[in-house]
Each structure stands twice: as C-alpha cells, then as structure tokens.
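Structure first, then comments.
Readers should treat all values here as calculations from the given coordinates under stated rules, not as data from a laboratory. Not measured: the values here are computed from a predicted model. With ideal geometry, Cβ positions are generated from the backbone for all residues, glycine too; neighbour counts draw on all protein chains shown.
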Amino acid sequence: MAGKATKKQAQANLAVLSRLYKVSVPIVVLAMMRQWLGGASLSQWLRFAFLHVPLAGCVYVLEKSGRPVFDAKGKIVKEGTDLAQTGGLVEYMFDLVYLSLFADVGRIVFNTGKFWYVLLLVPLYAGWKLYGLKKQFMGPARSAEGNDSAAAAGGDSKSKRQLKREKKGSKAQVKYR
C-alpha cells in the first residue's frame with residue numbers, strides 16, 4: 001500500500017512540475033521578446049534579469065525538492081516533496097512564482113515594468129506572518145510586577161484547571177441507579 005501512495009505522489013509532482021513549465025516558460029519568453037522589441041537598454045535588461053531571480057530561485061527549489069528520483073529499473077527511489085501541499089513553504093514559493101508571472105503578463109500586455117511593484121507585497125506579507133508567529137510563541141506581554149502583586153495578595157487568578165473543577169462542581173449531578 002505504501003508503494004501505491006509513493007507512486008501517486010511522484011506522478012502528481014511530475015504533473016505539477018509539467019504545468020509549471022508549460023505556463024512559466026512561454027510567459028517569460030514572451031516578456032523577453034517584448035523587452036527586445038521595445039528596444040530595451042542594458043540597464044533595463046539587467047533590471048529584467050534581477051527581477052527574475054526570485055522566479056528562477058523558486059522554480060529551482062521546487063524542481064530540486066519535488067522532482068521524483070528513479071533508479072535504472074524505473075523504481076522510485078525518492079518521491080520528492082509534495083508539491084500539492086497547502087499552508088507551507090511550497091505554497092509560498094508558488095505564490096511568488098505567480099506574482100512574477102503576473103508582472104510578466106503586465107509587461108507583455110501593457111509594455112510597462114510597473115507591475116513588478118507587486119513583488120513588494122512579498123516582504124510585507126512575510127513580516128505580517130512573522131509578527132503573527134511572534135504573538136503566537138511569545139504570548140501577550142505581561143508585567144512581572146503585576147503577577148507578583150497578585151500572588152502576594154492571594155489574588156483572584158486561578159489556573160484553568162481550578163476553574164474547570166469549580167465549574168464542574170457547581171453543576172447539578174445526576175445519579176443513575
């Protein structure tokens with residue numbers, strides 16, 4: 001049974017990589033042709049290459065981590081990372097690829113490089129996610145002084161366990177025969 005799941009994931013990864021190349025290569029080639037036909041200068045070509053570094057990096061990482069490895073007999077040695085997963089780094093890399101391709105489509109259709117400003121959303125989104133992680137792991141800020149004074153005064157703060165016990169004790173108990 002485990003072999004069937006491995007084969008299924010390997011085939012799914014090959015399909016995802018195939019679709020990725022079928023979509024991204026023509027769009028990038030058309031954007032390069034638009035750049036060339038527009039009579040771009042050397043600085044515009046350098047900017048074009050620089051802005052495609054995140055796209056190329058993400059495609060490279062997706063290729064290396066997701067492409068299944070086969071032995072000489074055609075048996076799967078390694079199925080690769082699941083490229084269809086959601087909520088992980090793979091999904092963020094695909095999002096970055098899509099944003100870059102969106103900017104290339106804007107270059108093709110409108111002959112402007114202003115669509116590349118959409119990539120500025122990436123560090124903003126990363127900062128927002130990191131801020132959420134900080135709140136999740138660090139918890140709300142509490143002053144040490146406030147906790148000490150509440151404990152010294154015999155405070156009203158009770159643990160969740162104590163609150164649950166009190167709540168359970170106050171409920172009416174039903175006795176069965």
| Based solely on its DSSP helices, what 222 nm [θ] is calculated for the chain when runs of n ≥ 4 H residues each add -39,500 (n - 2.57) and the sum is averaged over all residues, nearest 500 deg cm²/dmol? | -23000 deg cm²/dmol
| field | Selection from V29, Y131, V69, by position along the positive dipole direction of the range 2-139 (Cβ) | value | V69
| For the chain, what are the DSSP H helices with axial Cα length of 24 Å or more and mean Kyte-Doolittle hydropathy of at least -1.0? | 2-37, 89-110, 121-138
| request: Mind telling me which of S18, S159, S43 comes out most flexible in a GNM of the chain, alpha-carbon contacts under 10 Å? | output: S159
| Looking only at the range 13-52, which residues have a backbone nitrogen under 15 Å from a spot 7 Å from the Cα of A84 in the C-beta direction? | 13-20
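Find the relative contact order for the chain and round it to a whole percent, using C-alpha pairs within less than 8 Å whose residues are 6+ positions apart.
On the way: 107 pairs, mean separation 36.7, N = 177.
Computed over the chain, the figure is 21 percent.
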| task | Please report, to one decimal in angstroms, the Kirkwood hydrodynamic radius of the chain built from all distinct Cα-Cα pairs. | result | 21.6 Å
| said: Going by Cα centres, the range 37-57 and the range 14-29 are how many Å apart? | reply: 19 Å
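Please report the net charge: other residues with Cβ closer than 13 Å to the Cβ of P26, K and R +1, D and E -1.
Numbers: positive: R19, K22, R34; negative: D104.
Every neighbour counted, the sum reads +2.
Can you bin the range 18-62 into rounded, prolate or oblate? Criterion: square roots of the alpha carbon gyration tensor eigenvalues sorted a ≥ b ≥ c, rounded for a/c under 1.5, prolate for a/b above b/c, oblate for the rest.
On the way: a/c = 5.48, a/b = 1.56, b/c = 3.52.
Cα axes put the range 18-62 in the oblate bin.
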